[in-house]
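I have placed the structure first, in the form of structure tokens, so that the comments after it can refer back to it.
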There are 2 protein chains.
Amino acid sequence: MNKLNTENSENSILKLRQALEKNLEAVDQEIILRLNKSIPLIKDIGKHLINGSGKRLRPLLTLAMAAQFNDYSKNPIILAAAVEFIHTATLLHDDVVDESNLRRGNKTANIIWGNEFSVLAGDFLFAQSFELMVETKSIDALSSLASAACKITQGEFQQMQISNKPETPEKDYFEVIGKKTAELFGASCKSGVIVAGGNIQQQNAAYDYGFNLGIAFQIIDDLMDFNNLPNKMGKNLGDDFKLGKTTLPVILAWQKSNAKEKQFWIKTLKELNQEPHDFMNAIEIFNKYNIFEDCKKKTQEFISLSIKYLEIFPDTEIKNNLVGLANESIERSN
Amino acid sequence: MNKLNTENSENSILKLRQALEKNLEAVDQEIILRLNKSIPLIKDIGKHLINGSGKRLRPLLTLAMAAQFNDYSKNPIILAAAVEFIHTATLLHDDVVDESNLRRGNKTANIIWGNEFSVLAGDFLFAQSFELMVETKSIDALSSLASAACKITQGEFQQMQISNKPETPEKDYFEVIGKKTAELFGASCKSGVIVAGGNIQQQNAAYDYGFNLGIAFQIIDDLMDFNNLPNKMGKNLGDDFKLGKTTLPVILAWQKSNAKEKQFWIKTLKELNQEPHDFMNAIEIFNKYNIFEDCKKKTQEFISLSIKYLEIFPDTEIKNNLVGLANESIERSN
């Protein structure tokens, strides 16, 4: 995919970024301010991650949701910074747990500074996110994000438990990605509506939009481990495969595989006994059973559902772009 | 020290425990309830720690502070459980960072379940603590504990930075233990007063009592690495020495040491080049310069200060025992 197409496929995100440019800058300033107030090493680790060309998708959702109510006050900005801190904290700890060495094309913090510092820096960002949330004085926003934080760690646990198990039922996979990814998408959206004074129905609809969008994003992310160029995500192609992670393509392929193919999955993903050509063999099995198409169909269902939940909101340019953002998310995988 | 003396030296803690027995039981029930609602492995790790004969000192402080205002409602119980979760989360991550293998006489979680699970379990307990706090709907209590959580991780970072540096100035050591230990003592006390409806002066006095008590506790804890029986703390004697941790006895001894003794500290603590008899050599230097007595004198100053901050509270049996608890804390080291 060439650069032009990438931009086209993320048209709505760009429009949202433009519309909310000043608020996004304020979020970045808030993030830098909080990091600067901490001790030098935390600052370095935090900046490494925050500057690591992250998309700021979750803070953007918080800001966009609040902007639907014409709320451009400080509270959505503070919450958006908190959301990014929670996300960044989970990335830091994820990389320790996964023993990753590359994220978004950069060396991971655990490789540069060691596991000890990554654990502590994650703890700091996490605690700092709660200090930020407290400043909004919104118990409801806090409650939503605290609940998401709790579910993220449960999801990470459950992800480890289904790892190296291609026979995992689909519903277990969806439970895992619901907790580890979609909950924070949901809470990012909901908390924006809460501080902007949306009613309960709107708060819940925002959560449902975010949650379903998050599921779609995670499926696409998992898909990109198998069919994307490494420089697009900055993640190494086949990283998940090497670790034997149980993702949707693997689960769907396992279900359709014959005895010989099942032996292949057992050898490569359960026993982690992998030879150089095994990654290509896996992709051949995926192609044989149209697994990528199946995954995209499922993704589309979640995208359609997420968009449906936006109906309750007034028709604005922001809402149009939130619809577009969801629709375009599937194009990342092409 | 025989068993009888141990009991005498913790007379006030026992009296507080008796007076608040029902509430302490409710805290334990709350803790178990939250762990049971999570996934099995988190439950196991959490129970391993929670049941690990911890003293529940911090939750006891929260309950006692609230009880001074005759508040025996649910809020102090919920906060006390949250405080214990924060404390337990930091222990889990501490043991990963320190690569410890023994805590309170038991194998540490990182040894039993591995670093990955310890990191995630700590994250879960931490997130769960915020879910609990949110239930009290007290932004002020949340603020106090979120701030403490933030400072704890900063303190841990700074502790790593002064490690293997016996030449560290005393004030740096006090900054470290202030953040990593005393802040949570302070917030545990303050949050109890907040939810019980104490005024600002009382809230601040509770924080100051807890903070100074926490400093005293940490000095004694550091002292016990050198002059206590291993089965009393469950910690291995000389653990800190082996890691080259910079604690008060080391700092004070360095200040008084002659050139030859400084060489000894450099070899053992900076270069971690230790031989079996070095631990006894260290104790000989401590004894030569009366270091343990110096440490206790300093501890006594913090204890006296902490007690002074209790003046603002009404004279009750609970307050008497909070005074006693502070006074008796120094006896742990005898």
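With a threshold of 29 Å on the Cα-Cα distance, the over-threshold entries among A:151/B:171; A:15/A:37; A:171/A:260; B:151/B:262 are A:151/B:171; A:15/A:37; B:151/B:262. Taking every residue in B:129-136 and counting other chain Cβ atoms within 10 Å of its Cβ, the average works out to 6. A cut-off under 12 angstrom between Cβ atoms defines the neighbours of residue B:155, and their net charge, with Lys, Arg +1 and Asp, Glu -1, is -3. Based on the convex hull around the alpha carbon atoms, the protein assembly as shown presents an average projected area of 30.6 nm². Among B:241-250, B:311-320, A:282-291, the peptide with the highest mean count of other Cβ atoms within 10 Å heads the list, and the full ranking is B:241-250, A:282-291, B:311-320. Calculated mean residue ellipticity, 222 nm, chain A: -23500 deg cm²/dmol, from DSSP H runs (n ≥ 4) at -39500 (n - 2.57) each, averaged per residue and rounded to 500.
Mind checking the per residue accessible area of chain B for me, 1.4 Å probe, whole number of Å²?
For chain B, the solvent-accessible area averages 39 Å² per residue.
Peptide B:145-152 has a mean shielding of 6, counted as Cβ atoms of other protein chains within 10 Å of each residue's Cβ. For residue A:270, tell me the accessible area in Å² from a 1.4 Å probe, rounded to the nearest 10. Solvent-accessible area, nearest 10 Å²: 80 Å².
Over all directions, the projected convex hull of the C-alpha atoms in segment B:62-218 averages 9.6 nm² in area.
Take every pair of alpha-carbon atoms less than 8 Å apart whose residues are at least six positions apart; their mean separation over the length of chain B yields a relative contact order of 21 percent. Taken one residue at a time, the phi angles of segment A:286-302 give Karplus couplings (6.51, -1.76, 1.60, θ = phi - 60°) of 4, 5, 3, 9, 6, 5, 4, 5, 4, 4, 5, 4, 5, 4, 4, 4, 5 Hz. Gly and Pro are set to x. First obtain the Kirkwood hydrodynamic radius of segment A:3-333 from its Cα pairs, then insert it into the Stokes-Einstein equation at 37 °C and 0.692 mPa s, and state the resulting D in µm² per second as a whole number. Translational diffusion coefficient: 162 µm²/s.
Interface size, chains A and B: roughly 3600 Å² of accessible area buried, both sides included, 1.4 Å probe, rounded to the nearest 100.
Phi angles of segment A:250-259 translate, via the Karplus equation with coefficients 6.51, -1.76, 1.60 and θ = phi - 60°, into HN-Hα couplings of 5, 4, 5, 5, 4, 4, 8, 5, 7, 4 Hz per residue; Gly and Pro are given as x. The string of couplings for segment A:73-84 from the Karplus curve (6.51, -1.76, 1.60, θ = phi - 60°) is 7, 6, 4, x, 5, 5, 5, 4, 5, 4, 4, 5 Hz, one whole number per residue in order, with x for Gly and Pro. Taking all Cα-Cα distances within segment B:134-228, those exceeding 23 Å account for 31%. Shielding by partners for peptide B:156-166, expressed as the average number of C-beta atoms from other protein chains within 10 Å of each residue's C-beta, is 3.
The values are calculated or read from the model by the stated rules, or taken from the named source; none is laboratory data. Only a predicted model underlies this, so the values are computations on that prediction, with no experimental measurement involved. Methodologically, a virtual Cβ is constructed for each residue, glycine included, from the backbone with ideal geometry; neighbour enumeration extends over all protein chains shown. Only protein heavy atoms, including side chains, enter the accessible area calculation; ligands, DNA and RNA are left aside. Shrake-Rupley method; radii C 1.70, N 1.55, O 1.52, S 1.80 Å.
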